[in-house]
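Step one of this worksheet: look at the structure below.
The values are calculated or read from the model by the stated rules, or taken from the named source; none is laboratory data. The structure presented is a predicted model; accordingly, all values stated were derived computationally and were not measured. We place every Cβ from the backbone using ideal geometry, glycine too, and count neighbours over all the protein chains shown.
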C-alpha cells in the first residue's frame, strides 16, 4: 500500500458521510464473509477425503468468526448489521452465482485467489479509514488457512494431471473478471464508499495515477497467487 | 442420569478394550459434529432472512468448534481422529440421508430434536467413562443455541399456520425412528462401545431393567422437546 493513511482529524465517525462510508465498508466485508462461509461449507461437501472436508469446514468456521466480529463493530457504531449488508447482497450473490465451482479444485482456487483478491482490495480501502475501523477490517481479512492448504492441493492435482492447469488458469481469469465487474457495480451505486478512495467534498482522494497504481498492485498480487498455484495468470 | 459413574480404577486408558471404547465414543460424536456442521450450513442456505441465515451459520461454526475439540482429545490419546470416525461414517450419513429436510422448518426441528436426542444418548454413555473423557464429551454436547432459536421460529410458524404442526409432528417421530435404527446398527457393530453400557468381561454394565429406564429417559426428553415446540410426540 503506497498511500499513507489520512490524518485522523478528517476521519470523524460523527461526520455522517464518513460514517456511512465505514458502515458500507464493514457491511460489504461482512456479507462477503458470510458468503465465504456458505461457499466453503458447500465446497466441504465435495471434498475427496474427511481430512480435506474438515479443513474446508475449519476455514468456513473462521470466516464466520470474522463475520461476527464485523457485526459487533457495526452494532458498536449504532448500525444494524443486516441493513448495512443489504446493499451488497445482490452484487456479492451475483459474483458467487457466476463463479459457482463445478468441482473441488475450482472451489479451492476460488477460496484462495478470489478471497485473496477481495482481501487485497479491502486492505487498500482500509488504509483510508480510522485506526479502529482499520484494525477490525484487517483482522477480518486474515488468511483463514486457505493459502498453504490450497497451494498444496492444487499443485498436487497438477502434478498428477498437468491438463488440470489450463482449466484452472482459465478459472482464475474468470474470478478476476467477475470480481472487477461486481466491484465496479458497487462503486457506481455506493457514493460514500467510493469516495473513501476517490475523495469527496472535504477530503482529498486518489488521483487517476494513484488509482492506476492500486490496480497494478491488485493485479501483481493476483499474478503472484496464480503463480504460487503453478498457474498462468 | 440415574446410574452413578463407575469407579475410576476400572476406567484405565491403558486397558486396550476400554481405550477402544473411548476412541469409538469420541469418534462417533466427532463425526456427528462435523455432520451437524454440514447440515446446519445447508439449512442456512434455505433461511428466509439474513439474520436467520447467520443464526444457523453460528450454530454450524459452534458444532465445528466441538468437532475440533474432540479431534484434539483423540490425538491426545494417540489416536488418528479420522480413523476413529471411519466406522461411523456410514450409519451417521445414513441417518442424514434419511432425514434430509425438505424445508427450513424441518431442518430446524432436526437441529433441535435430532441433535437433542443424540446429545441425551451420548450424555448417558458419558456417565460410564473417566472424568477427563466425560468432561470433553459433555462440553461437545452443549447446546449451540438451537433450543431457544428453534422453539421461537417453530412456534411462530405454527401460530401463522396451524396445519404445519401435524407435518412437523410426523417429522419428529421419523427422526426418533431413524435415530434408533442407526443407534442399533452401531451397537451391533461396535462391541467395545456397546460394552460401556452393557458391561464386559471385567466390568459390570446395565441390566435389562436399567437399559429400559435409559430408553424411558430418552423418550421422556424427546417428548418434552416436541412439546416445547408445540408438537405431539
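Below is a table of values for the structure above.
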{"read-out": "Residue satisfying condition, being part of a helix (DSSP H, G or I) and modelled with pLDDT under 90, within set B:175, B:170, B:206, B:197", "value": "B:197"}
{"read-out": "Count of region B:182-206 residues which are farther than 18 Å from residue B:17 by Cβ and either in contact (Cβ under 8 Å) with a residue 40 or more places away in the chain or more than 18 Å from the chain's Cα centre (by Cα) (or both)", "value": "3"}
{"read-out": "Test: residue B:112 is more than 14 Å from the chain's Cα centre (by Cα) and either surrounded by 23 or more Cβ atoms within 10 Å (Cβ to Cβ) or part of a helix (DSSP H, G or I) (or both)", "value": "no"}
{"read-out": "Residue tally, condition without any contact (Cβ under 8 Å) to a residue 24 or more places away in the chain, over 20 Å from the mean Cα position of the chain (by Cα) and either closer than 18 Å to residue B:116 by Cα or in a helix (DSSP H, G or I) (or both), over region B:132-166", "value": "5"}
{"read-out": "Any hit, region B:14-27, residues being modelled with pLDDT of 95 or more, within 12 Å of chain A (Cβ to nearest Cβ), in a helix (DSSP H, G or I) and in contact with a helix residue (DSSP H, G or I) (Cβ under 9 Å, 6 or more places away or on another chain)", "value": "yes"}
{"read-out": "Which listed residue, of B:152, B:103, B:115, B:143, is at negative phi and touching a helix residue (DSSP H, G or I) at 6+ places or on another chain (Cβ under 7 Å)", "value": "B:115"}
{"read-out": "Those residues of region A:28-47 which are more than 9 Å from chain B (Cβ to nearest Cβ), in a helix (DSSP H, G or I) and more than 15 Å from the chain's Cα centre (by Cα), in sequence order", "value": "A:43"}
{"read-out": "Among the residues listed as A:94, A:60, A:86, the single one being crowded, with 19+ Cβ neighbours inside 10 Å and either more than 30 Å from residue B:89 (Cβ to Cβ) or within 11 Å of chain B (Cβ to nearest Cβ) (or both)", "value": "A:60"}
{"read-out": "Scope region B:97-109; condition farther than 28 Å from residue B:192 by Cα and crowded, with 17+ Cβ neighbours inside 10 Å; matching residues", "value": "B:101, B:104, B:105, B:106, B:107, B:108, B:109"}
{"read-out": "Filtered residue count, region B:48-106, keeping only those that are within 23 Å of residue A:69 (Cα to Cα) and part of a helix (DSSP H, G or I)", "value": "20"}
